[in-house]
Amino acid sequence: LAGLSLHHLLTDTAGLFDDEATLCAAPDLATVAARTAAGPRAAPAGAVYLPSRNGYAVAGAVLEAHAGQPFEEVVRRRLLRPAGMVSATFDPQRHRLYAQGTSPSGAAVAPERFPCRGARPAAGLLA
């Protein structure tokens, strides 16, 4: 991922594809980052705005490597607890108070659940 910065990864300008198979087949964020790095790029860094959960997973892998702890624990310890968000979780099975949305017809819609860990940095937090 030469030429990429955290700014590129966190602003969806890294030029990375959004690849759910890579996100969900990998056992950890480091593997997602390695597979993303080995794959093709959609565009050069900074050239286009292209939403990519893979970019957030790579940023999460950088955070894990820097902190020496799992992404979820770093977010809990450094962000959620100091903010008083003690019931926020990445585990939908443990979360009891999440909001339920409605569809245009008025039917209840449960929030999306991300069973694969690779997608958690992009949108896996329930608060």
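Values as computed for the structure displayed
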read-out	value
Theoretical FRET efficiency, 1/(1+(r/R0)^6), r = Cβ-Cβ of A67 and S87, R0 25 Å, to 0.05	0.65
Dipole magnitude of the chain, debye to nearest 20 (Cβ charges: Lys/Arg +1, Asp/Glu -1, about Cα centre)	340
Cα-projected label distance for A123 with S5, points at 7 Å along beta-carbon direction, nm	2.7
The chain, relative contact order in percent, only Cα pairs under 8 angstrom and at least six apart counted	29
Gaussian network model of the chain, Cα within-10 Å springs - most flexible of A61, A38, A30	A38
Charge context of R81, other residues only, Cβ under 15 angstrom, K/R +1, D/E -1	+1
Positive-end residue of V75, Y56, G124, charge dipole of the chain with Cβ unit charges	V75
For L16, residues with placed amide H under 5 Å, excluding near neighbours	A42
S105/A21 FRET efficiency (R0 30 Å; Cβ-Cβ; nearest 0.05)	0.45
Cα-projected label distance for D28 with A42, points at 7 Å along beta-carbon direction, nm	2.8
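Computed from the coordinates by the stated procedures, all read-outs in this text should not be read as laboratory data. The structure presented is a predicted model; accordingly, all values stated were derived computationally and were not measured. A quick note on method: Cβ atoms are made from the backbone with ideal geometry, for glycine too, and the neighbour counts reach across all protein chains shown.
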